[in-house]
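The values are calculated or read from the model by the stated rules, or taken from the named source; none is laboratory data. Since this is a predicted model, take the numbers as computed values, not measurements. Neighbour counts are summed over all protein chains in view; Cβ atoms, including those assigned to glycine, are modelled from backbone coordinates with ideal geometry.
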Amino acid sequence: MTDKEKSGSKKLWGGRFAEGTAASVETFTASIHYDSRLYKYDIAGSRAHAVMLAGQGILSPDELQAIDTGLAEIGREIEAGTFQFKSELEDIHMNIEKALIDRIGPAGAKLHSGRSRNDQIALDFKMYLRDECIRIIELLDHINRAFVALAREYLGRTMPGYTHLQRAQPVQIAHHMLAYYEMFARDRFRMVDCRKRMNLSPLGSAALAGTGLPIDREQVAEILDFDGVTANSMDSAGDRDFAIEFTAGCTMIQLHLSRLSEELVLWSSQEFSFVDISDKFCTGSSIMPQKKNPDIPELIRGKSGRVVGSLTALLVLVKGLPLTYNRDLQEDKEPVFDAVDTVSSSLAIMAELLANLSFKTERMKEATATGFITATDLADYLVLKDIPFREAHGIVGRAVAFCLVKGCELEDLSLEELSRFSEVIGEDVFKVLSVEGSVNSRIATGGTSLLRVKEAVGEAEKKLGIV
Ligand code: ARG
């Protein structure tokens, strides 16, 4: 047997080749070990394409029937794990098409009429990602239910709010939880939006210029639940914006998870001692018997590097590519798959951890009582007594300096001591210096008062369908 017969003859595109492909090239160019993940979409796309080809008279009803039965059978075998993927057939498209031809003969060989692997991969990838958008949206709703449950549970309890990781102003624990709710709600919106934009079928763009065969792109799009078809075949063959947008959305989610993780690591330290992460979500040390380590948030924080890396890989991949399809684009799938897996598993486990999290409210309250945390409230008090804010800022700064020397908090000062800094300070100042007074004075929209936070919890519950 000649080389061509051994290898070249096996290729669906082998016609113009005199020699078979080098084994090293087959290994290097193969993507089947990861793009087999797309099999369901490849089969669904082919079935829809075949229905359309039959409608256009390119396939006979019998041929359509044979293709449909053959593809369904291949799908079942892949699902059952009995299908033999072959790396010499490169990718998911050719593995399935070759298996179909081997099973049903000439009808199978007609399936690729009017399409190319270039529009086929764009189709499969979009169908895969639009499903992943929905799965991620569900996971985002799931984690947001955990934040809202914590907000409801700890409503009215206070903690220090931080800027520069220095105690800044007292806030409600619930307000802090709802900050994360907002962040993940934006992520949800991004996923919805990105799904909507990607939901146009590229099939029928063929290699790059469209096809001369009488195809009906709209029919295929409708069968596959797309909102319509893409407008330009050249754009469609080389477009990966949808994958980049999706991965950018994943990156934002993982960054949000990472910031939360950082807080959980800090809060579970003995130095903060604000939360107790359930034993089920911690691990011990192999050498230090006393240790209980917050490995889950640490790993999630660490995994953000992978997701940022995936996005970077895609950005660099596309930069500088001429239109339209280039084989470089095969490198788009692994980073996206890794981002999907990382973000999904991180979201799921973080939601579980949050459902098992308890706040040490006494300790948090104690931390709120120190650090001159109501200093801004004193400045605002002076403003309401007609002192310009900049002057008020200076007055309070001097009072804080005095406290630092004396070793006490602002609210420990007597009225006589306080009024030395400004004669407008009266008895009513003590209400302002209390943590409760400070928190509940913040009634403007978005503020941390009980009034506003209660409303915000109710709104979030409504949006998530909890009440
Ligand atoms: N496996 C290829 C990819 O992922 C499919 C498209 C191949 N097209 C081609 N002309 N070689 O990009």
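Laid out as a table, the results:
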{"read-out": "Considering residues of the stretch 260-304 that are of a type in the set (Val, Ile, Thr) and at pLDDT 95 or above only, the residue nearest to MET177 (Cα to Cα)", "value": "VAL275"}
{"read-out": "Those residues of the stretch 307-342 which are in a helix (DSSP H, G or I), away from the ligand (no atom under 12 Å from the Cβ) and charged (D, E, K, R), in sequence order", "value": "ASP338, ASP341"}
{"read-out": "Answer residue from the stretch 71-102, given it is assigned to a helix (DSSP H, G or I) and of a type in the set (Asp, Glu) and is nearest to the ligand (Cβ to nearest atom) among those", "value": "GLU97"}
{"read-out": "Cross-chain or 6+ apart pairs with Cβ under 7 Å, the stretch 438-467 first and charged (D, E, K, R), then buried (at least 17 other Cβ atoms within 10 Å of the Cβ)", "value": "ARG442/THR448; ARG442/SER449; GLU461/VAL148"}
{"read-out": "Residue count, the stretch 328-367 (criterion: surrounded by fewer than 19 Cβ atoms within 10 Å (Cβ to Cβ) and either without any contact (Cβ under 8 Å) to a residue 12 or more places away in the chain or touching a Cys at 6+ places or on another chain (Cβ under 8 Å) (or both))", "value": "5"}
{"read-out": "Subset tally (residues that are within 8 Å of the ligand (Cβ to nearest atom) and either of a type in the set (Gly, Ala, Ser) or surrounded by fewer than 23 Cβ atoms within 10 Å (Cβ to Cβ) (or both)) for the stretch 110-127", "value": "3"}
{"read-out": "Residue check, ARG157 surrounded by fewer than 18 Cβ atoms within 10 Å (Cβ to Cβ), out of contact with any strand residue (DSSP E or B) (no Cβ under 9 Å at 6 or more places or on another chain), under 22 Å from ILE443 (Cα atoms) and in contact (Cβ under 8 Å) with a residue 40 or more places away in the chain", "value": "no"}
{"read-out": "Residues of the stretch 174-215 that turn out to be surrounded by 19 or more Cβ atoms within 10 Å (Cβ to Cβ), away from the ligand (no atom under 16 Å from the Cβ) and over 30 Å from ARG145 (Cβ atoms), as a count", "value": "2"}
{"read-out": "Helices (runs of 4 or more DSSP H) enclosed by the stretch 369-463 - at least 2 residues per element that are crowded, with 20+ Cβ neighbours inside 10 Å", "value": "375-384, 389-406, 429-433, 435-441, 450-463"}
{"read-out": "Residues (surrounded by 22 or more Cβ atoms within 10 Å (Cβ to Cβ) and either within 15 Å of the ligand (Cβ to nearest atom) or assigned to a loop (DSSP other than H, G, I, E, B) (or both)) located in the stretch 216-229", "value": "PHE226"}
